[in-house]
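First the structure, in the form of structure tokens, and then the observations on it.
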Amino acid sequence: MENLFGQAERINFGALPPEIDDLLQRGVAAYRHDRATADRLFRQALSQKPSELAPYYCLYKIHTYMGSLDVAAEVAAEGLKEAVKQAGWSENPSEWPESILGYDGPGRFALYTLKALSFIELRRGNREVALAFLDILSRKDPSGSVGWTVVGELANGIE
């Protein structure tokens, strides 16, 4: 999509150091025609600033799209670990605070990434693991603010 100036719209990844945002923007643009370059740019952003959560998201998202589910699961797990560290939560999702309504920042990223992991595990054929993650999400995000209910519907459709 282009803006009024004929330039491609930038993705809003939030407040990022400019050099990290630039790598992510270039990776998004590259993904359409050169997935290896996109992967390299996202990994470069991650290696330069491993505390930034957006590169994890970009990596696990593109690898999920590409069907590289083992890579997607690995990166999502790493991103989840970083997010819970930043949120000050346990690495065990069942120990996260209950009913995290309106939570933002690393906590929301952790919830969103657990949702992504439930989808990835479902696609990998690990339905029981996905259902366990969805059960945790139903308690931690009962309103479904991160969209986990859609994954739950997919899981329930796969008996």
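Among what's in the range 51-66 and is outside any helix (DSSP H, G or I) and without any contact (Cβ under 8 Å) to a residue 40 or more places away in the chain, pick the residue that is nearest to the chain's Cα centre (by Cα).
In this case the residue turns out to be Glu52.
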Would you confirm whether or not the range 54-65 contains a residue that is under 25 Å from Trp148 (Cβ atoms), open to solvent by 60 Å² or more (accessible area, probe 1.4 Å) and modelled with pLDDT of 95 or more?
yes
Exactly one of Phe109, Phe42, Phe5 is at pLDDT below 90 and among the hydrophobic types (A, V, I, L, M, F, W, C), and that one is Phe5
All-but-one check, Leu46 against (1) open to solvent by less than 60 Å² (accessible area, probe 1.4 Å); (2) closer than 17 Å to Lys140 by Cβ; (3) of a type outside the set (Phe, Trp, Tyr); (4) in contact with a Pro (Cβ under 7 Å, 6 or more places away or on another chain), failing number (2)
Pairs returned, first residue in the range 124-146 that is farther than 12 Å from Tyr112 by Cβ, second residue that is at pLDDT below 95 and among the β-branched types (Val, Ile, Thr), beta-carbon separation under 7 angstrom, 6 or more apart or interchain, are Arg127/Ile158; Leu134/Val151
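Do we have any residue at all in the range 3-19 that's among the aliphatic types (A, V, I, L, M), crowded, with 17+ Cβ neighbours inside 10 Å, assigned to a helix (DSSP H, G or I) and without any contact (Cβ under 8 Å) to a residue 40 or more places away in the chain?
The initial filter retains those residues of the range 3-19 that are among the aliphatic types (A, V, I, L, M), namely 4, 8, 11, 15-16.
Checking the rest, the ones that are also crowded, with 17+ Cβ neighbours inside 10 Å come to 16.
Okay, now just the ones that are also assigned to a helix (DSSP H, G or I), so none.
Looking for residues that are among the aliphatic types (A, V, I, L, M), crowded, with 17+ Cβ neighbours inside 10 Å, assigned to a helix (DSSP H, G or I) and without any contact (Cβ under 8 Å) to a residue 40 or more places away in the chain, one finds none in the range 3-19, hence no.
The values are calculated or read from the model by the stated rules, or taken from the named source; none is laboratory data. This one's a predicted model, so the numbers in the text were calculated from it and none came from an experiment. Here the Cβ is made from the backbone with ideal geometry for all residues, glycine too, and neighbour counts use every protein chain on show. Remember, those area values only see protein heavy atoms, side chains included, never the ligands or the DNA or RNA. Shrake-Rupley method; radii C 1.70, N 1.55, O 1.52, S 1.80 Å.
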